[in-house]
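Report on one structure; see the data block that follows.
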Amino acid sequence: MDLLNTLLDKGLRRELPTRDEALAVLATSDDELLDVVAAAGKVRRQWFGRRVKLNYLVNLKSGLCPEDCSYCSQRLGSKAEILKYTWLKPDQASEAAAAGLAGGAKRVCLVASGRGPTDRDVDRVSDTIKAIKDQNEGVEVCACLGLLSDGQAERLRDAGADAYNHNLNTSESTYGDITTTHTYADRVDTVQKAHAAGLSACSGLIAGMGESDEDLVDVVYALRALDPDSVPVNFLIPFEGTPLAKEWNLTPQRCLRILAMVRFVCPDVEVRIAGGREVHLRTMQPLALHLANSIFLGDYLTSEGQAGKADLDMIADAGFEVEGTGEVTLPEHRTAAHAGCGSHAGADTGADADASAGCGSHAGGGCGPCGSAGQEPPRKEPVSEARTDLVSVRRRGAGTDLAPNA
């Protein structure tokens, strides 16, 4: 397929695909899916080999959030029956982190619900970072605390934080349909604050909220322009008790296409399969390792993931290896010069890159696979059946008396 040959060549050279090429990936048929995975997999192996980075989440403060993000079980007004607790003490958080690190994780992600941290909250998290780093040599720590005020990113960096996560989640044009208590621009501002402070920026998206292909491409191009080092791809977990509880729009094939598109647009950044992979990829998870080079180990913030040992077995059985603490995740050109996500001299890295030269491009929107001119348009992705049996609320780990799933 000419499209995939073009995307493979661009990915190996760190060039930005056109928007129509990115849209075409999402429009490929099931018959073409393995070809898509194979092409994107070559790009993944070029920059990350067969290494899989393991990350571990610690939910420092669960529920009780004043924001109204429609996808979130911790949102204002959520009726989801999740764990709710206030700030873990540093020793409690360090103990929780140790479980994931013992399972092979090299990065601990410290997350707290809420609009954003107060200065006292930053002090709390700083103490927690110190406790974790004092007990675990070489561990990376990423903070995810919401919207940052001036100076807070610098304080987290000085406390030992390596990275800061704040996701864009969806396209700017649809953001107001998902959240009303803060704006898309607020999120962009926080990612930029983290960048400016010298923290490794981590920012990604949530797929499956009813967005269009154009929305998905928009947010991934916006992420590329923001230049994060890592891009977590979440798949909506439709929690009962949230406004998006009935949104079951994903199939395993759709998830793989989304991951492939992200890899082609951001070829040399850490692409992480985040929340929802067990729910939506299901038995296709091993194929996703050919596209992403990073996963979360064990449980998530308010939902349970598959057992940590199952993750490790899956990685080994698929022919991959866990990335060690002594290994550098990012390619040398990014760590040495902090080049942009896929950027290089002469590449068009703007979010409004020329889309008119794409394969099969036409006025008014995206295109199908190469060679599709004159054929029937691609069939609409079938809606996945609701599998509420796969959505399991977290009842163990941090904030509970039960051992974590790590």
Restricting to segment 78-117, and then to whatever is β-branched (Val, Ile, Thr) and surrounded by 16 or more Cβ atoms within 10 Å (Cβ to Cβ), can you tell me which residue is farthest from Val391 (Cα to Cα)?
Val108
Selected residue [surrounded by fewer than 24 Cβ atoms within 10 Å (Cβ to Cβ) and closer than 30 Å to Ser78 by Cα] from Gly319, Gly298, Gly308, Gly324
Gly308
Suppose we filter segment 140-169 for residues that are of a type outside the set (Gly, Ala, Ser), touching a helix residue (DSSP H, G or I) at 6+ places or on another chain (Cβ under 6 Å) and surrounded by 21 or more Cβ atoms within 10 Å (Cβ to Cβ); how many remain?
6
Look at Gly241 and say whether it is on the phi > 0 side of the Ramachandran plot and modelled with pLDDT under 95.
yes
Exclusive hit being of a type in the set (Val, Ile, Thr) and either in contact with a Pro (Cβ under 8 Å, 6 or more places away or on another chain) or modelled with pLDDT under 95 (or both), set Thr174, Thr190, Thr181
Thr181
Which residues, taken from segment 213-245, are in a loop (DSSP other than H, G, I, E, B) and touching a residue at least 24 places away in the same chain (Cβ under 8 Å)?
Asp227, Pro228, Asp229, Leu236, Ile237, Pro238, Phe239, Glu240, Gly241, Thr242, Pro243, Leu244
Which one of the conditions (1) in contact (Cβ under 8 Å) with a residue 60 or more places away in the chain; (2) surrounded by fewer than 22 Cβ atoms within 10 Å (Cβ to Cβ) does Arg120 fail to meet, given that it meets all the rest?
(1)
Look through Thr128, Thr28 and report the one residue that is touching a residue at least 40 places away in the same chain (Cβ under 8 Å), β-branched (Val, Ile, Thr), in contact with a helix residue (DSSP H, G or I) (Cβ under 8 Å, 6 or more places away or on another chain) and in a helix (DSSP H, G or I).
Thr128
Could you check segment 1-52 and list, in sequence order, the residues that are basic (Lys, Arg) and surrounded by fewer than 19 Cβ atoms within 10 Å (Cβ to Cβ)?
Arg13, Lys42, Arg45, Arg50, Arg51
Matching residues, segment 246-273, being part of a loop (DSSP other than H, G, I, E, B) and surrounded by 24 or more Cβ atoms within 10 Å (Cβ to Cβ)
Cys266, Pro267, Asp268, Val269
Just to be sure I understand, how many residues within segment 150-181 are under 22 Å from Val233 (Cβ atoms) and either of a type outside the set (Gly, Ala, Ser) or part of a loop (DSSP other than H, G, I, E, B) (or both)?
15
In the set Met261, Met284, the lone residue that is touching a residue at least 24 places away in the same chain (Cβ under 8 Å), more than 27 Å from Thr18 (Cβ to Cβ) and aliphatic (A, V, I, L, M) is Met284
Output the residues belonging to segment 103-130 that are over 20 Å from the mean Cα position of the chain (by Cα) and at pLDDT below 95.
Gly103
Residue satisfying condition, being over 21 Å from His166 (Cα atoms), touching a residue at least 60 places away in the same chain (Cβ under 8 Å) and of a type outside the set (Ser, Thr, Tyr), within set Ala99, Ala105:
Ala99
Taking segment 48-89 and the residues there that are part of a loop (DSSP other than H, G, I, E, B) and aliphatic (A, V, I, L, M), the one that is farthest from Arg396 (Cα to Cα) would be Leu76
Out of curiosity, is Ile206 at pLDDT 95 or above and crowded, with 23+ Cβ neighbours inside 10 Å?
yes
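The values are calculated or read from the model by the stated rules, or taken from the named source; none is laboratory data. No experiment lies behind these values; they were computed from the predicted model shown. Every residue, glycine as well, gets a Cβ built from its backbone with ideal geometry; the counts of neighbours run over all protein chains shown.
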